[in-house]
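These notes are about the structure you will find just below.
The values are calculated or read from the model by the stated rules, or taken from the named source; none is laboratory data. All values reported here derive from a predicted model rather than from experimental measurement. Glycine gets a Cβ as well: all are built from the backbone with ideal geometry, and neighbour counts include every protein chain shown.
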């Protein structure tokens, strides 16, 4: 079993839709949770950082963590074509090396 | 956010040659940098953790003699792929922690280097 599971997609939605991206994990030692966005042939860009269960909102993005279920989500409201990218969840036990999900490819159709 | 610069962005080389990739933290000092490898449509796999002034820590299965890492200063880490072969062709990405993110392991990534070995 992989430490972090993420549906690879692709996920195709119309412009303006609400997007839900998810990761599940098996290691309860993970304490910090991040979402990165990666455009094709570019390095990942940090979107959200959380370390506690609950919701964190930043503009159109909301990160949700449920430690009891070992489940994290990223919601994108009012999705735009420019949101089309691969979204990676990244988890950290505190030992500094991140464990990434496989990434979900998102396509927002205009 | 902190800026990490990676160079070159693209390199094509002949089999058997060595290739050096540079990773620089532009506006902060990074005592630790990370090197990842990414295959097409796959996630990032950590190769090694680069520590300033000491030897890198390699992940299991990564050949340290094949992938030489040097972190000679607080703003520069290099990855040298020695005697490159076609199976080394991949997307290599570096990252660094910003001191501003004290207590948080927030990594900022370079733009990546696409290596093609002919």
- line: The number of residues in segment A:52-110 that are surrounded by fewer than 17 Cβ atoms within 10 Å (Cβ to Cβ), within 16 Å of residue A:13 (Cα to Cα) and within 14 Å of chain B (Cβ to nearest Cβ) is 1
field: Complete set of residues in segment A:9-25 that are over 13 Å from the mean Cα position of the chain (by Cα), in a loop (DSSP other than H, G, I, E, B) and surrounded by 12 or more Cβ atoms within 10 Å (Cβ to Cβ)
entry: A:10, A:15, A:17, A:18
Residues satisfying the stated conditions in segment A:12-32, i.e. more than 9 Å from chain B (Cβ to nearest Cβ), under 19 Å from residue A:64 (Cα atoms) and in contact with a strand residue (DSSP E or B) (Cβ under 6 Å, 6 or more places away or on another chain): A:19, A:20, A:21, A:22, A:23, A:24, A:25, A:30
- prompt: Quick one: how many residues across segment A:33-51 are more than 16 Å from residue B:108 (Cα to Cα) and away from every other protein chain (no Cβ under 11 Å)?
  reply: 0
task: Specify the residue that is modelled with the lowest pLDDT; the eligible residues are those in segment A:93-107 that are part of a strand (DSSP E or B) and over 13 Å from residue A:72 (Cα atoms).
output: A:99
query: Does segment B:88-112 hold any residues that are outside any strand (DSSP E or B), more than 7 Å from chain A (Cβ to nearest Cβ) and either modelled with pLDDT of 95 or more or under 14 Å from residue B:24 (Cβ atoms) (or both), and which are they?
result: B:88, B:89, B:98
